[in-house]
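> Submitted below is the structure of interest, expressed as structure tokens.
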Amino acid sequence: MAHGDDGGGGRGMGGEGDHLVVVTGGPGSGKTTLIDHLAALGHARTPEAGRAVIRDQREIGGPGLAWKNDRLFAELMLAWEIRSYREALAWPGPVLCDRGIPDLVGYHLLRGRPVPEHVAEAARRFRYHRRVFVAPPWPEIYTGDAERHQSPEEAERTHRAMAEAYPACGYEVVELPRAPVAERARFLLDALEGSAAQ
């Protein structure tokens, strides 16, 4: 499955989604804390689809939860990510994306099943900045909460799945340092500036 080619009618690298910067990784790795920090500095951001879907489904007693129907959960996350992508296109950059559409490729890999063609097509069609930032597992800061049911071991597997999915979709993965949030933020912004200069 060739995810990396641009089958998206002009949405290739350096295209209209180039200001959308994905931060991904396993749960509990500090990625949302980093995005919250950058948002406080004035950067636009998108929410994490998985958490949003869980909150919505719990509120209405819906079946679209990973521990009830993981395929429906994946479809709801995909729809959320596409909507977030389209909204964020209109915002000035950089926009920090708390995960992205290729995370759904990783989700299917994590579940040990083939990536559906419509998910692969979404990953081809809706393109982000070519550099994707991955927060590595960080057991010392990992905590569970009402929306995070994964074990630290599943968090590690999620990280590996995302680190595989994004290169398969044609992105350059940059691993974030295990460092205080301000240092992580500076690392990310410096890497973006270096990318722009290339």
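The values are calculated or read from the model by the stated rules, or taken from the named source; none is laboratory data. Remember, it's a predicted structure, so these values are computed and weren't measured experimentally. Glycine also receives a Cβ, built like all others from the backbone with ideal geometry; neighbour counts cover every protein chain displayed.
> If the Cβ limit is 6 Å and pairs must be 6+ apart or interchain, which residue in region 69-86 that is on the phi < 0 side of the Ramachandran plot pairs with which residue that is outside any helix (DSSP H, G or I) and surrounded by fewer than 16 Cβ atoms within 10 Å (Cβ to Cβ)?
Pairs that qualify, where the first residue is on the phi < 0 side of the Ramachandran plot and the partner is outside any helix (DSSP H, G or I) and surrounded by fewer than 16 Cβ atoms within 10 Å (Cβ to Cβ), are N69/P63.
> Identify, by number, the condition in (1) over 13 Å from the mean Cα position of the chain (by Cα); (2) touching a residue at least 40 places away in the same chain (Cβ under 8 Å); (3) under 19 Å from L96 (Cα atoms) that A168 doesn't meet.
(3)
> While we're on this one: Do you know which residues across region 160-188 are crowded, with 16+ Cβ neighbours inside 10 Å, hydrophobic (A, V, I, L, M, F, W, C) and assigned to a loop (DSSP other than H, G, I, E, B)?
C169, L176 - these are the residues of region 160-188 that are crowded, with 16+ Cβ neighbours inside 10 Å, hydrophobic (A, V, I, L, M, F, W, C) and assigned to a loop (DSSP other than H, G, I, E, B).
> For a quick check of your reading of the model, give me the residue pairs whose first member lies in region 14-31 and is more than 13 Å from A44 (Cβ to Cβ) and in contact (Cβ under 8 Å) with a residue 40 or more places away in the chain, whose second is polar (S, T, N, Q) and assigned to a loop (DSSP other than H, G, I, E, B), with beta-carbon atoms closer than 8 Å and at least 6 apart or on different chains.
Partner pairs satisfying both residue conditions: G26/Q150; P27/Q150; G28/T143; G28/Q150.
> Residue under question is P137, and the condition is that it be in a loop (DSSP other than H, G, I, E, B), under 16 Å from the mean Cα position of the chain (by Cα) and modelled with pLDDT under 95; does it hold?
yes
> Any idea which of (1) modelled with pLDDT of 85 or more; (2) within 20 Å of H118 (Cα to Cα) is the one G4 doesn't satisfy?
It is condition (1) that G4 fails.
> Please specify each residue of region 90-120 satisfying the condition of being surrounded by fewer than 20 Cβ atoms within 10 Å (Cβ to Cβ) and within 11 Å of T46 (Cβ to Cβ).
Matches in region 90-120: W91 only.
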